[in-house]
Amino acid sequence: MTKTDMYLELFNKYQDKQVIVAIEELSELQKELCKYQRGDLDINHLTEEIADVEIMIEQIKLFFNIDKQLLGQLKQYKLERTKKRLLKGE
């Protein structure tokens, strides 16, 4: 079973509940980042939450049929905009 097949099966079985799982995983990553701000970072937990979020993002892109080309263009645009801001000293 490929990763794509598994993601599709998850969405067919759990449908919109996978969106809730994605939100939960994002929240868990947020919690780990807050711990970092408090000086209580556990790099292993942070790494695990990043892995969970990346998996859920892959599922979301598949579930919502996100255009890879458009996504790439938007990411490039946003990175260029950030680069310009950095160079201007904003």
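The values are calculated or read from the model by the stated rules, or taken from the named source; none is laboratory data. Remember, it's a predicted structure, so these values are computed and weren't measured experimentally. Cβ coordinates were reconstructed from backbone atoms using ideal geometry, including for glycine residues, and neighbour counts include every protein chain displayed. Surface accessibility is based on the protein's heavy atoms, side chains included, excluding ligands, DNA and RNA. Shrake-Rupley method; radii C 1.70, N 1.55, O 1.52, S 1.80 Å.
Under a point-charge model restricted to the Cβ atoms of Lys and Arg (+1) and Asp and Glu (-1), what is the dipole moment magnitude of segment 26-90 relative to its Cα centre, in debye to the nearest 20? It comes to approximately 680 debye. The share of accessible area on the chain that comes from carbon and sulfur is 56 percent, using a 1.4 angstrom probe. Once the 1.4 Å probe is applied to the protein heavy atoms, the chain comes out at 84 Å² accessible per residue.
Which label marks the calculated value of Cα Rg over 2.2 N^0.38 Å, given the options [x] 1.06; [y] 1.36; [z] 1.17? Identified label for the calculated read-out: [y]. Take the Cβ atoms of residue 71 and residue 28, set R0 to 30 Å, and the FRET efficiency comes out at 0.80.
For the listed residue pairs 13/61; 31/68; 3/68, the alpha carbons are over 19 angstrom apart in 31/68.
Screening the chain for whole DSSP H helices of 18 Å or more along their axis (Cα) with average Kyte-Doolittle hydropathy at least -1.0 returns 17-37, 43-63.
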